[in-house]
Amino acid sequence: MLDFRASWCGPCRAEFPHLRLAYKAYKDKGFEIFAVSLDESKEKWTKALDEEKTTWINAADLTAFKSKAASDYGIRGIPYNILVNSKGEILGESLRGEALEEILEKYLH
């Protein structure tokens, strides 16, 4: 899953408990999260990672919405994610809370 978020985004931060549960439940079945931060402050970004106890892949170029990744994927709002299978097929977008768990259960049971 390619996941776009930022430390200053309240709805993004609210999703972390769901992401932690999904990651714990499905990482051994092939689920991986590649999180792209749209932060500008390294300090705020790394503090949020520590506070949220993220254990998946996290990246940031600290240029916020001007980042190449945000531009390439046309990101205009966050949180936003794209769930892609190993064949590169998009299985879902903007999956939050139970919607993410349901689709992971469907494809990775």
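The values are calculated or read from the model by the stated rules, or taken from the named source; none is laboratory data. What you see is a predicted model; the values in this text were computed from it and never measured. Heads up, the Cβs are rebuilt from the backbone with ideal geometry, glycines too, and the neighbour counts pull from every protein chain shown. Please note that ligands, DNA and RNA were not included when accessible areas were found on the heavy atoms of the full protein model with its side chains. Shrake-Rupley method; radii C 1.70, N 1.55, O 1.52, S 1.80 Å.
If you scan region 80-90, which residues turn out to be touching a Phe, Trp or Tyr at 6+ places or on another chain (Cβ under 9 Å) and open to solvent by 40 Å² or more (accessible area, probe 1.4 Å)?
Correct list: TYR80, ASN85.
Out of GLU32, GLU101, I need the residue that is within 15 Å of the chain's Cα centre (by Cα), outside any loop (DSSP other than H, G, I, E, B) and in contact (Cβ under 8 Å) with a residue 12 or more places away in the chain. Which one?
Just a single option satisfies the conditions, and that option is GLU101.
Restricted to region 38-79, and to residues that are in contact (Cβ under 8 Å) with a residue 60 or more places away in the chain and open to solvent by less than 50 Å² (accessible area, probe 1.4 Å), which residue is farthest from ARG13 (Cα to Cα)?
Among them, the one singled out is ALA69.
In region 48-77, which residues are acidic (Asp, Glu) and out of contact with any helix residue (DSSP H, G or I) (no Cβ under 9 Å at 6 or more places or on another chain)?
ASP50, ASP72
Filter region 63-98 down to residues that are among the aromatic types (Phe, Trp, Tyr) and over 14 Å from the mean Cα position of the chain (by Cα), then give me how many there are.
Here the count works out to 1.
Filtering region 8-31 down to residues that are open to solvent by 20 Å² or more (accessible area, probe 1.4 Å) and of a type in the set (Gly, Ala, Ser), which residue is farthest from ASN85 (Cα to Cα)?
Filtering first and then ranking leaves GLY10.
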